[in-house]
Amino acid sequence: MSELRDLYQEVILDHNRSPRNFGHLDDANRRADGHNPLCGDRLDVTVKVVEGVVTDLRFKGSGCAISKASASLMTEAVKGKTIDEFNELFDYFHRLVTDETLSVDERALGKLAVFSGVRDYPARVKCAILAWHTLKSAVSDSQEVVSTE
Ligand code: ZN
């Protein structure tokens, strides 16, 4: 577990410093805003969905390292997946950051596995999950601003 904790720091720092898929997707057909008032994190997610597949996505925003790194890793994990696959991953990620009893399958999760480290910092769960809630809202075609509250 301590190896995973070191990796957690490393991955968060790396994705915070150079976030992947950062910006605004010009040919997006879905978008949503997310806000985590507890920490002040704000995200804007733009997504292109073609025949039920997330073909491309970007995020913008300001917030803490965890919210940014989580958004960055999420965009990498979700690109090319169907909305059903995303919804499954959403549920799994939610359990990963909150459920102490869930064993972490690093092979299945890849780098997302490092977010099990958030379990040690319950106040940061909403930072880690914000991007996921925002993307869920975007692909559900809701135009509302998402709040983790
Ligand atoms: Zn935060």
Against the definition (under 14 Å from ILE129 (Cα atoms) and part of a strand (DSSP E or B)), how does ARG31 come out, yes or no?
no
Does segment 100-122 hold any residues that are under 21 Å from LEU38 (Cβ atoms) and either at pLDDT 90 or above or under 16 Å from the mean Cα position of the chain (by Cα) (or both), and which are they?
PHE115, SER116, GLY117, VAL118, ARG119
What tally of residues in segment 1-26 results from selecting those that are modelled with pLDDT of 95 or more, part of a loop (DSSP other than H, G, I, E, B) and surrounded by fewer than 16 Cβ atoms within 10 Å (Cβ to Cβ)?
4
In segment 57-67, is there at least one residue being surrounded by 15 or more Cβ atoms within 10 Å (Cβ to Cβ), within 16 Å of the ligand (Cβ to nearest atom) and hydroxyl-bearing (Ser, Thr, Tyr)?
yes
Given the structure, is THR46 open to solvent by less than 20 Å² (accessible area, probe 1.4 Å), outside any helix (DSSP H, G or I), more than 15 Å from the ligand (Cβ to nearest atom) and not hydrophobic (A, V, I, L, M, F, W, C)?
yes
Looking only at segment 127-149, how many residues end up being at pLDDT below 90, more than 16 Å from the ligand (Cβ to nearest atom) and open to solvent by 40 Å² or more (accessible area, probe 1.4 Å)?
5
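Is it the case that some residue within segment 70-79 is open to solvent by 50 Å² or more (accessible area, probe 1.4 Å), under 14 Å from THR134 (Cβ atoms) and outside any strand (DSSP E or B)? Spell out the reasoning first.
Narrowing segment 70-79 to residues open to solvent by 50 Å² or more (accessible area, probe 1.4 Å): 76, 79.
Narrowing further to those that are under 14 Å from THR134 (Cβ atoms): none.
Among the residues of segment 70-79, not one is open to solvent by 50 Å² or more (accessible area, probe 1.4 Å), under 14 Å from THR134 (Cβ atoms) and outside any strand (DSSP E or B), which makes the answer no.
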Restricting attention to segment 94-126, which residues are of a type in the set (S, T, N, Q) and either in a helix (DSSP H, G or I) or crowded, with 18+ Cβ neighbours inside 10 Å (or both)?
THR98, SER116
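The values are calculated or read from the model by the stated rules, or taken from the named source; none is laboratory data. Not measured: the values here are computed from a predicted model. In this analysis, Cβ positions are derived from the backbone assuming ideal geometry, glycine residues included, and neighbour counts consider all displayed protein chains. Keep in mind that these areas ignore ligands, DNA and RNA; they rest on the heavy atoms of the full protein, side chains included. Shrake-Rupley method; radii C 1.70, N 1.55, O 1.52, S 1.80 Å.
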